[in-house]
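Read the structure below first, then the notes.
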Amino acid sequence: MSQKEEAVREAAIAVLEHGGPACLTDPKAVMRTLGRAYDLGATQDDVIAEMKRLHAAGIAGGPGPASAGGDA
């Protein structure tokens, strides 16, 4: 995994863990993580695509599609 790919993944995880308006983590830390990804040549679209991939896989940002059912 390249430095850029790693930074995009870290930024996507940071954004998902932040929880949007709930502000579950320090917003400045999220912005620093995004800044690193952007400094390495990532775009907002790169981060959004990774966020979608992680969320679909259930890796970050709460429950993924696998937990949408009522089997629990």
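Considering only residues that are of a type in the set (A, V, I, L, M, F, W, C) and open to solvent by less than 40 Å² (accessible area, probe 1.4 Å), look in segment 16-32 and name the one that is nearest to the chain's Cα centre (by Cα). Here the residue is L16. Of the residues examined, G41 is one that is part of a loop (DSSP other than H, G, I, E, B), surrounded by fewer than 18 Cβ atoms within 10 Å (Cβ to Cβ) and not hydrophobic (A, V, I, L, M, F, W, C). Look at segment 22-50: where a residue is closer than 16 Å to A60 by Cβ and a partner is open to solvent by 60 Å² or more (accessible area, probe 1.4 Å), sitting 6+ places away or on another chain with Cβ atoms under 7 Å, you get L24/E17; T25/E17; T33/E10; E50/R9.
The values are calculated or read from the model by the stated rules, or taken from the named source; none is laboratory data. Since we're looking at a predicted model, the values are computed, not measured. Cβ sites come from the backbone with ideal geometry, for glycine too, and all protein chains shown count toward neighbours. The accessibility values were calculated without ligands, DNA or RNA, using every heavy atom of the protein model including side chains. Shrake-Rupley method; radii C 1.70, N 1.55, O 1.52, S 1.80 Å.
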